[in-house]
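Peer 1: First the structure, then my questions, so here it is.
Every number in this text was worked out from the coordinates using simple rules, so none of it is lab data. If you're wondering where the values come from, they're calculated on a predicted model, not measured in any experiment. Virtual Cβ from ideal backbone geometry, glycine too; neighbours counted across all protein chains shown.
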Amino acid sequence: MQDHHRHSIRLQQYDYGQSGFYFITICTHNRFCLFGAIEHDVMRLTVQGEIAAACWSAIPDHFSHIELDEWIVMPNHVHGILRVGDNDDATRRVTACRDPAMATTTTAFEQFGVPVSGSIPTVIRSFKSAVTKGINDLSQTSAKGVVWQRNYWEHLIRDEPTLQRIREYIRNNPLHWEIDQLYSS
């Protein structure tokens with residue numbers, strides 16, 4: 001039996017709850033076109049795609065410090081820009097030990113197996129879970145399918161020209177579907 005170790009692709013010691021814009025791409029398992037199809041350069045959602053869109057739209061309902069910017073559900077992936085605003089939520093702070101008399105407060109960095117409330121990884125984990133539950137609830141059998149690839153891609157947007165370029169990329173994604181690196185026929 002092989003021992004598989006999961007490694008995070010996140011930046012070490014980076015606070016993913018920090019204010020800023022984040023470009024997110026989340027792919028379906030094996031890049032299966034579950035969410036719909038591009039017809040005449042327009043994305044046509046399936047019921048599963050509508051679930052993904054509804055869950056993405058609901059992110060700010062669950063994370064009040066998150067604002068949605070440009071986003072789209074594509075046949076086999078979701079692109080979106082999330083803006084993290086000020087998050088003074090005390091749950092983003094952790095204590096160094098469980099004994100309140102000896103506790104110290106430090107900034108919480110995302111670590112494998114240790115979610116940080118309100119951080120980008122926690123938001124994406126919640127989104128993926130909600131979509132998976134919604135899609136699996138459609139099934140009339142007890143067999144539940146895998147919806148997502150194990151991880152996701154994120155990029156911290158550091159300036160206005162990059163933000164504008166990524167917004168344009170997302171808006172035009174259906175027009176470029178057949179040449180997109182995530183395209184699968």
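Peer 1: Given 0.36 nm per residue, what is the gain on full extension from His29 to Arg125 after removing their alpha carbon distance, in nm?
Peer 2: Values: separation 96, 0.36 × 96 = 34.56 nm, distance 1.48 nm.
Full extension from His29 to Arg125 adds 33.1 nm.
Peer 1: Ranked highest first by the average count of other Cβ atoms within 10 Å around their residues, in what order do 124-135, 157-168, 67-78 fall?
Peer 2: Numbers: 124-135: 18.4, 157-168: 13.2, 67-78: 20.1.
Highest to lowest by the protection proxy: 67-78, 124-135, 157-168.
Peer 1: Right, something else. Rounded to the nearest 0.05, what FRET efficiency do Asp159 and Ala54 give with R0 = 45 Å and r taken as the Cβ-Cβ distance? Could you check?
Peer 2: 0.90
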